[in-house]
1. Go through (1) surrounded by 10 or more Cβ atoms within 10 Å (Cβ to Cβ); (2) at pLDDT below 70 one by one and return the number of the condition M1 breaks.
2. What tally of residues in region 10-41 results from selecting those that are within 30 Å of G53 (Cα to Cα), surrounded by fewer than 10 Cβ atoms within 10 Å (Cβ to Cβ), modelled with pLDDT of 65 or more and among the hydrophobic types (A, V, I, L, M, F, W, C)?
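The values are calculated or read from the model by the stated rules, or taken from the named source; none is laboratory data. Predicted, not measured: the structure shown is a model, and the values here were computed from it. A quick note on method: Cβ atoms are made from the backbone with ideal geometry, for glycine too, and the neighbour counts reach across all protein chains shown.
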Amino acid sequence: MNMRTVTLCAALALLALTACSEKAQTAGAARKTDAAAHTGASAAYTAAGFKAGDKAAWENQIRQRNQGQNEYSRAPAASLKP
């Protein structure tokens, strides 16, 4: 093997190794901590009956919203009979 082939193989190996590396995706010092979801948003984005800062009210609103998407509770009782 001549020196040119060895250099070319080394360069290709180095290129292949650098293409497989991945930078760490850490937040570092600029990390922002968010507030809890129930602590409130502006009035334009809250449902009626929601009290900002009340965790129980927030959980109740989420439970009601999820229950509206439950197919078993949405089905009319008459259609369940054979």
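1. With respect to (1) surrounded by 10 or more Cβ atoms within 10 Å (Cβ to Cβ); (2) at pLDDT below 70, M1 is out only on (1).
2. Matching residues across region 10-41 total 3.
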